[in-house]
Every structure is written in C-alpha cells, then in structure tokens.
1. For a quick check of your reading of the model, give me the residue pairs whose first member lies in region 27-44 and is polar (S, T, N, Q), whose second is in a strand (DSSP E or B), with beta-carbon atoms closer than 8 Å and at least 6 apart or on different chains.
2. Tally up the residues in region 161-200 that are within 16 Å of residue 127 (Cβ to Cβ) and polar (S, T, N, Q), please.
3. Give region 191-215 a look and list any residue that's free of Cβ contacts under 8 Å to residues at least 40 places away in the same chain and closer than 21 Å to residue 25 by Cβ, or say none.
4. Which one is nearest to residue 33 (Cα to Cα) among residues in region 173-204 that are open to solvent by 10 Å² or more (accessible area, probe 1.4 Å), small (Gly, Ala, Ser) and modelled with pLDDT of 95 or more?
5. Considering every residue within region 1-20, establish whether at least one is at pLDDT 85 or above, of a type outside the set (S, T, N, Q) and surrounded by 12 or more Cβ atoms within 10 Å (Cβ to Cβ).
6. Among residues belonging to region 90-101 that are within 16 Å of residue 125 (Cβ to Cβ) and in a loop (DSSP other than H, G, I, E, B), point out the one that is least open to solvent (accessible area, probe 1.4 Å).
7. Do we find a residue being open to solvent by 60 Å² or more (accessible area, probe 1.4 Å), in contact with a Pro (Cβ under 7 Å, 6 or more places away or on another chain) and over 25 Å from residue 185 (Cα atoms) anywhere in region 55-68?
Amino acid sequence: MSHEIHDHYFHQAKREGYRSRAAYKLKEINDRKKIFTKGDAVLDCGCAPGSWLQVAEQCIGPRGVVIGIDLNPLPHSFQQRNIHVITGDLNDVTDEHLHEALVQTRAAMSSSDKPVETQPCFDVILSDMAPKTTGQKSSDHHASARLVDMLFDRCRGLLEPGGNLVVKVFEGERSPDLLARARQLFDNAKGFKPQASRQHSTEMYIVAKGYIGATQHTQTHMTPPPRPKPRGWGG
C-alpha cells in the first residue's frame, strides 16, 4: 500500500508539472502550518531539482520573490519571472561573491522602492538539503544535523524577525537538541513528517515560525526583547 501511495506522488508530480514528488511535502507543510504569505521573499537552500521553488512561487504569488541556491547549476530554467537560481555554497560564509549575489538578486527582484540593504533578508527560508549519504545511519544523521546547525546560524542576516523556517533533518540522537535550539530562536517550532515522505526514510522537517531575531543569539542569559508578531500564523 505504501509503495502505491508513493507511486501516486511520483505520477502526480509528472501530471502537474512539478520537478519532483518532493513538491507534495512542502504543499502539505504549508497546508498544515501556513508558512507562506502573499508577497513573501523566500530563500530555498539546496533547491535542486526545483519543485520547492515551484510550490513557493505558487503560494506567494506574482508580487513575491523566490531565490534558490544550490551547489550545482540547475539543468533547466523557470518561466516564472520571480524565480531566480544562484549557484553557490551557503555553508561558505567567507564567499563574498555569493553574499553580494544574494543582496543584488533580492533587491533586483523586489517590487519595493526601498534602498538596497547590505543583508539579503527573507521572510521564509526553506531547506530540503541532505548530505551525501554513506548508508551509515548515525553518520548520515550527524552530517544532516550539521547542515541544520549551519542554517540556524545563517538565519542571522538572512531571515527577517518574525519569519519562518522549514528545514529537513535525518532523525537521530541530535534531533531533540536541534528542536530545542529551534525553540530558542523561534516563537514556535515542531517536528513534522509529511505523508509524501517515503515510509522507510528517516527524514523529518523542523517547522519553525516567528523568528525572534539576531538579538536572541547574544542575549540567552538576559531578559529577551519583545518578540515580533509571527507571520502567517495558522494551525
């Protein structure tokens, strides 16, 4: 039965024009958690093959912006004018060219008349990234957890206060710690496994809403500042 369900998602993606069946994971997350708001600026980390870019663009509408980043160039382009893909390594914090590309692309695609900021802030950050797997469950889990930690670190300077984050992690011993860290940085964070995930897969998603902002990174032992109102709060 499970095999039939997953075949269903594969064939449905083909019929509906999505780059992969992973589209239905994000669609379910948004249906349940209300991640997106019309007009959002979205960063999709590890965006290949592009199905999350497609879903995000449909959710935010033509006034929104979707920027994807991946280590390798995508072999195809998108017809939507508000989708743009940058080749680069988000983990390389010393890459000034990547930072500049994010800033300039975010500004060029924005419908706002505000001046260009030095930080390419987004309303939503997505990550379906996964490490190169070895087949060793523990090793793969820890490699996945390091990607999640990296993304938490990169929220500072990339994610607007009140913004939302969806990030994949392979379940394992560090999962509770990662969820606890997400709850320090966001108003609300929960684990979620979409129906479209393969039954045997250890993947889950941390869905975090209402980013507290950079101040929380340096004030963990102080009275926290007033929290911005979470965006797009739903069930």
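The values are calculated or read from the model by the stated rules, or taken from the named source; none is laboratory data. Here the structure is a predicted model, which is why all the values come from computation and not from measurement. For neighbour counting, all protein chains shown are included, and Cβ atoms are generated from backbone atoms with ideal geometry for every residue, glycine included. When the accessible area is computed, the model is the full protein with side chains, heavy atoms only, and any ligands, DNA or RNA have been set aside. Shrake-Rupley method; radii C 1.70, N 1.55, O 1.52, S 1.80 Å.
1. 37/123
2. The number of residues fulfilling the criteria is 3.
3. Residues satisfying the conditions are 191, 193, 200, 201, 204.
4. 191
5. No; the residues of region 1-20 include none that is at pLDDT 85 or above, of a type outside the set (S, T, N, Q) and surrounded by 12 or more Cβ atoms within 10 Å (Cβ to Cβ).
6. Of everything passing the filter in region 90-101, 90 is least open to solvent (accessible area, probe 1.4 Å).
7. If we filter region 55-68 for residues that are open to solvent by 60 Å² or more (accessible area, probe 1.4 Å), which is where we start, we get 58, 62-63.
After this cut, where a residue has to be in contact with a Pro (Cβ under 7 Å, 6 or more places away or on another chain) as well, the list is none.
The answer is no; no qualifying residue exists.
The rows are residues; the columns are (1) surrounded by fewer than 14 Cβ atoms within 10 Å (Cβ to Cβ); (2) at pLDDT below 95; (3) more than 19 Å from residue 191 (Cα to Cα).
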{"position": "113", "(1), (2), (3)": "yes, yes, yes"}
{"position": "116", "(1), (2), (3)": "yes, yes, yes"}
{"position": "119", "(1), (2), (3)": "no, yes, yes"}
{"position": "124", "(1), (2), (3)": "no, no, no"}
{"position": "129", "(1), (2), (3)": "no, yes, no"}
{"position": "135", "(1), (2), (3)": "yes, yes, yes"}
{"position": "142", "(1), (2), (3)": "no, no, no"}
{"position": "145", "(1), (2), (3)": "no, no, no"}
